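Notes for the one structure printed next.
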Amino acid sequence: MRTGNNSTKIQTIVIGGGQAGLTADYHLAKRGLPFLILDANAHIGDAWRLRWDSLRLFTPARYAGLPGMRFPAPGDSFPNKQQVADYLVEYARRFRLPVRNGVRVDRLWKEDGRFIMSAGSQRFEAENVIVAMANYQVPRMPAFARELRPEIVQLHSHDYRNPSQLQDGGVVVVGVGNSGADIAIEVAQSHPTWISGKESGHIPFPIESFVARKILIRLVRFVGHHLLTVKTPIGRKQRPKMLYGASPLVRVKPQDLVNAGVEYVPRVVGVKDGLPVLADGRVRDVQNVIWCTGYEHGFSWIDLPIFDDKGDPVHDEGIVTNVAGMYFVGLHFLYAMSSATLVGVGRDAKRIVNAVAAPSRRTKVAPSSRSLAVGPRATEELVGSATGT
């Protein structure tokens, strides 16, 4: 409903139209609650569509479906980014979810007991706000990157699409997470390639083998969805490591990189004469640098007292305890290791919508002992990146 002061008022606004937002919207619609979705991207699915061309899920299609709609691909296949984007478009269409694309919220605050959001000249008011965004919003690069020679092509993995963006000559891929490994093995087919850093372990089996698809992935899914949660001792112990440390390699293994001709080198720690310097003092004369160095969460537009002294949002399984009516869904390890993925986001969204629908749970309460701070990831997580503002 639009009021005379050019402000749209509705009970609940969901900020972010990726899988986290769409799943929350599905549960809101199922309960018959009035809501509106605001998404910064031009089209539904752009958070996937605008990643690199060869990106595929780490989990088979049978586990990629959101509540109410299976993923339209053979169960043992690993969908690519375009299939995921198309699936999200169809999901929103099938359930008639009211997504307003191209609306970037630039400030969120509270006034007279209601949430106010500005998006350029537009203004929105709501009783409840669900921030449906992953931790992966603002690409992170080291400050010394600007000191590299201007003729060196620099790309963050966020902007990398395929090797055609690179110029002739060597490539340093900075970061040995999943994105770095996937990109390095691709560019090594056409460029001399070095990968900088230290991998933090890897899944010891090929995920596309028969045994993995039929048995092992089911085991990994069970562990990530049911054992590694904020309600289990092992989950609470592992959560900080998973939030702030590097993820293990999933599809690409260290030997795969070696076999592809990728050379491991120490961390890039600075610049000398416009060229990247490694931790052992060597200077690497390359023509391209791809920064696979992760993201910041990008919540600077939230003008509310919900952050800890490190600037991380504090919540109790997605419920902000000191600002009534505010919720998060889609954050990494919001409840479980699977929270930011297509596998796990539906469960979290249902719990958050249950809280929205229950007035007694929307009252202001003191932070519980399980209130959680969610910080920026040190490396990138590929599966389940949610679009936001």
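The values are calculated or read from the model by the stated rules, or taken from the named source; none is laboratory data. From a predicted model like this one, the values you see are computed outputs, not experimental measurements. When we count neighbours, we look across all protein chains shown, and the Cβ atoms used for this are built from the backbone with ideal geometry, even at glycine. Heavy atoms of the whole protein, side chains included, go into the accessibility calculation; ligands, DNA and RNA do not. Shrake-Rupley method; radii C 1.70, N 1.55, O 1.52, S 1.80 Å.
The table that follows gives values for the structure above.
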item	result
Whole-Å distance, taken between Cα centres, linking region 133-148 and region 2-55	26
In Å², nearest 10: area of residue 236 left accessible to a 1.4 Å probe	120
Kirkwood Rh in Å, taken over region 262-312 so that all alpha-carbon pairs contribute	14.2
By accessible area with a 1.4 Å probe, ligands and nucleic acids excluded, highest first: order of 43, 156	43, 156
Within straight-line cross-link reach of residue 350, lysines at Cα separation under 23 Å, skipping those fewer than 8 residues along the same chain	30, 231, 364
Where trypsin sites (Lys or Arg not before Pro) fall in DSSP loop in region 31-110, at most 14 other Cβ within 10 Å	31, 70, 96
Residue with peak Gaussian network fluctuation, the chain [Cα springs, cutoff 10 Å], from 118, 339, 300	300
Descending principal axes extents, region 1-148, alpha-carbon based, whole Å	51, 51, 21
Rounded to the nearest 20 debye, dipole of the chain from Cβ charges on Lys, Arg, Asp, Glu	1500
Label corresponding to semi-axes √(5λ) of the Cα gyration tensor in Å when calculated from the structure given, among [x] 44, 24, 18; [y] 30, 26, 21; [z] 36, 24, 20	[z]
Derived scalar couplings ³J(HN,Hα) [region 346-352; Karplus, 6.51 cos²θ - 1.76 cosθ + 1.60; whole Hz; x for Gly, Pro]	x, 5, 5, 4, 5, 5, 5
Reach of residue 253 by Cα under 17 Å, taken over aspartates and glutamates that are not fewer than 8 positions away in the same chain	182, 186, 199, 208, 263, 380, 381
Calculated from backbone phi, Karplus (6.51, -1.76, 1.60) coupling profile of region 20-28 in Hz, x at Gly/Pro	5, x, 5, 5, 4, 5, 4, 6, 4
Helix-only [θ]222 nm of the chain, DSSP H runs n ≥ 4, -39500 (n - 2.57) each, per residue, nearest 500	-5500 deg cm²/dmol
Region 1-76: radius of gyration and largest Cα-Cα distance (Dmax), Å	15.9, 53
Alpha-carbon gyration tensor eigenvalues x 5, square-rooted, for region 151-208, Å	22, 12, 11
Percentage, to the nearest whole number, of Cα pairs in region 74-221 over 29 Å apart	46
